[in-house]
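The values are calculated or read from the model by the stated rules, or taken from the named source; none is laboratory data. Computed from a predicted model, the values in this text were never measured in an experiment. Quick reminder, even Gly has a Cβ in these numbers, built from the backbone with ideal geometry, and neighbours come from all protein chains shown. SASA here: full protein model, heavy atoms, side chains in, ligands and nucleic acids out. Shrake-Rupley method; radii C 1.70, N 1.55, O 1.52, S 1.80 Å.
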Amino acid sequence: MIEVLAKLGRGPVFLAGEVLECVITFTNPLSASSTSASSEMLAWASAQIHCQFHASENRVALPPSDGSKHDVQAENETVFVPNRGERGQCILSTPPKILFCDLRLDPGESKSYSYCETLPVDGPPSFRGQSVKYVYKLTIGCQRVNSPIKLLRVPFRVLVLHGKAMHCPPCTCGPGAPCPADSLAFFPGLKDYQFPQDEAVAPSNPFLEEEEGLKKDSRLADLATELLMVATSRRSLHLYNISNTRGKVGTFCIFKTVYKIGEDVIGTFNFSEGDIPCLQFSVSLQTEESIQEEFQRRRGQPVSFTVHARHQESCLHTAQSSFSLPIPLSSTPGFTTNIVSLKWRLHFEFVTSGESAGTCLVRGSQSEAVTWTGVEQMEVDTFSWDLPIKVLPTNPILASYVSQFSSTNSITI
């Protein structure tokens, strides 16, 4: 018996373009109950990253798959097929890497191997929607001599950056030096960014040796996180008039429309200058999942909406009000592929009175102590409004804290 343990050292969430590192340990356990122990032998072990795509047959019409692509591992048990038995299609995979050949482990002995691979920047993000799913996994295959292949799958989450280049405040990089914000576009530009040649200004430790490739990959992740912070920290007052066919209801104020997952969307209402009384409002934080027209099962197929947070409030005779809606760290930032598009929005619903504010109350007594009570019936109007917002990824370490995936996975063979 051999125990195989795979551990993602930094957590199960990564940005596309980062290096995924997994330490894989093979152990021949020494059982206290066993009377005799013997050495164990593994013929080989290999590892590979792949992304599985699954679509709902009721919502997505995919072109017919190539029937010639069958599971070769069913015929030849020495062939490593990481997605064997998985649902859907494998739309992305990295080259397989051999960890070892002919490994012998004595009782109580263990050996560890480090697997490193750069996550492709041209793939989709991890996503589980109503119509499609994109799931990333690291699959480790190992085989005993004259035995079938055993697979250990390590699921993880990938966040993808999209959008135009984001510019920083006045540049201080110096004449002729490339500026990260001016020349850096979120993927694929991030991976191709050329760092300044003058590294003397960067802190360094002369007692540590670091490979240039790993150093660059680390700086890519840090740079992406820094630019995300710059992009989502800008504040600019946005004012919107809320009106229906009968007149003005109030104004809505929001200070930014670009957020990271994990942030709170905060907005305020001012009903004091409205001509039409607002009885109740609700605000929903939603994602809009739409299938590209050429892949829709039916023409004019409606989009799918998912509510992530909601605030509802009665506001008759309220001059000002506000709301705060958290963007879950487990949610997927906006993205677009050739099949599906995911967008974020704020969905507002207002219930207004068909009468003036003064008629919303009635006098209940003619004595000196006057009591005002609400009317039993009231004519109302309802209308809705949608405000698009942008939601970007956050630091993958923060997203790891709420991930449903474990950093450690194991099997026994």
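Which residues, counting only those in the range 228-277, are among the acidic types (Asp, Glu) and either in a strand (DSSP E or B) or open to solvent by less than 50 Å² (accessible area, probe 1.4 Å) (or both)? Correct list: GLU263, ASP264. With respect to (1) modelled with pLDDT of 90 or more; (2) part of a loop (DSSP other than H, G, I, E, B), the lone exception for LEU20 is condition (2). Limited to the range 292-338, what total is found for residues that are among the polar types (S, T, N, Q) and farther than 30 Å from VAL249 by Cα? Adding up the residues that qualify gives 9. Residues in the range 356-378: is at least one at pLDDT 85 or above and either more than 30 Å from GLN292 (Cβ to Cβ) or not aromatic (Phe, Trp, Tyr) (or both)? Checked the range 356-378: no residue is at pLDDT 85 or above and either more than 30 Å from GLN292 (Cβ to Cβ) or not aromatic (Phe, Trp, Tyr) (or both).
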